[in-house]
1. Would you work out the charge dipole size for the chain about its Cα centre, treating the Cβ of every Lys and Arg as +1 and the Cβ of every Asp and Glu as -1, and quote it to the nearest 20 debye?
2. Kindly report, to the nearest 10 Å², the accessible surface of ILE302 as traced by a 1.4 Å probe over protein heavy atoms only.
3. What does the net charge come to around THR141 if you take all other residues with beta carbon closer than 10 Å to its beta carbon, with K and R at +1 and D and E at -1?
4. With a cut-off of at most 10 other beta carbons within 10 Å, and DSSP calling the residue loop, which trypsin sites (Lys or Arg not before Pro) in the range 202-294 qualify? Please list them.
5. Among LYS115/LYS178; LYS80/LYS178; LYS31/LYS178; LYS54/LYS178, which pairs are too far apart, with a Cα-Cα distance over 27 Å?
6. Leaving ligands, DNA and RNA out of it, work out the accessible area of SER185 with a 1.4 Å probe and give it in Å² to the nearest 10.
7. Output the relative contact order of the range 141-225, whole-number percent, from Cα pairs under 8 angstrom with separation of 6+ residues.
8. Take ASP275 and ASP87, extend 7 Å from each Cα along the Cα→Cβ direction, and tell me the distance between the two endpoints in nm.
Amino acid sequence: MAETNKEESCFRTSIGGQALIEGILMRGPEKQAIVVRRPDGGMEIQVEELKLIKERYPILGWPLIRGCVNFLDSMVRGVKALMYSADFYPEEEEEEPSRFEQWLEKKLGSEAFGKAIIYLAVVLAVGMSVGLFFLLPTLVTGLLGNFIPMNKLAVSLIEGVVRILIFLAYLILCSRMKDMQRVFSYHGAEHKSIFCYERGLELTVDNVRKMPRHHPRCGTSFLFMVIAIAILVHAVMFSLYEPPNLLVRILLQLLSLPVIMAVSYEFNRYAGGHDNVVTRILTAPGLWMQNFTTFEPDDSMIEVAIEALKQVLPREKGQDAW
């Protein structure tokens, strides 16, 4: 777990990133950079100016609204960057596009077809997450209720325990996959480079290597916070109102997800900018779970992280303050 000290508390940046296939996506206040290590050993660098939707529609940047907006925006950008990095490492035996894919590309055009694939991937990813971490625990608990008598509080508690166990099992299984281990090593490099920058040290491989790999503003911590807040919200909600059947319970859970996402985002934002006993206790589980999603990187991975971070540093010092 990352240690918290005075050095770390001097400055917190809003710059964040995402591990890719042999690369890193880094996002700053003005720019976004994708840096991928090519098979020949060189680095492919793609930088673009950020155009945020809240600049056109300020209301989408308001607290309790920005959480869902930023989450979906990050998902779309993340999937797009992931597909971009995958193009440098194609599978040895690529399957021919299906007739449907060929027809769709012909009708939409290559650019529109590419966007459609990205949005479809986002929908499938969100759908899988909701199904795996929210609907499945509810179904499992519902089935247990047919054999074991439970009151409202017991149902919520068991459902919460099952949800956490599924999430933990998912992280452990992913961490054991060989390809994912390299992705998680790049994840560690991303965290280490940001820590190095926050401490005001020169961005060198030696300096970055010494940094912790667990970061409180990580996506893993955010996802755990979503699950934890969902357990609390559902326990309160279903203690006040008992659904007549399992279908209504699932429907109410789905309707509450945007609120849970919004609250989780605001808490994660607060925890990222404050260092006190309460935030340390509440972020501790998420930091511990990063043992499964961040591994120690090698020097070549650290070089990619440093390059990605340098590309998005703001023009004015402090512009990226959290």
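The values are calculated or read from the model by the stated rules, or taken from the named source; none is laboratory data. Fair warning: this is a prediction, and the values are worked out from it, not measured in the lab. Note that each Cβ is placed from the backbone with ideal geometry, even for glycine, and that neighbours are counted across all protein chains shown. Ligands, DNA and RNA are excluded from the accessible area calculation, which covers all protein heavy atoms including side chains. Shrake-Rupley method; radii C 1.70, N 1.55, O 1.52, S 1.80 Å.
1. I would put it at about 1160 debye.
2. Approximately 0 Å² of ILE302 is accessible to the 1.4 Å probe.
3. +1
4. The qualifying sites: there are none.
5. LYS115/LYS178; LYS31/LYS178; LYS54/LYS178
6. 10 Å²
7. In percent, rounded to a whole number, it is 19.
8. 4.1 nm
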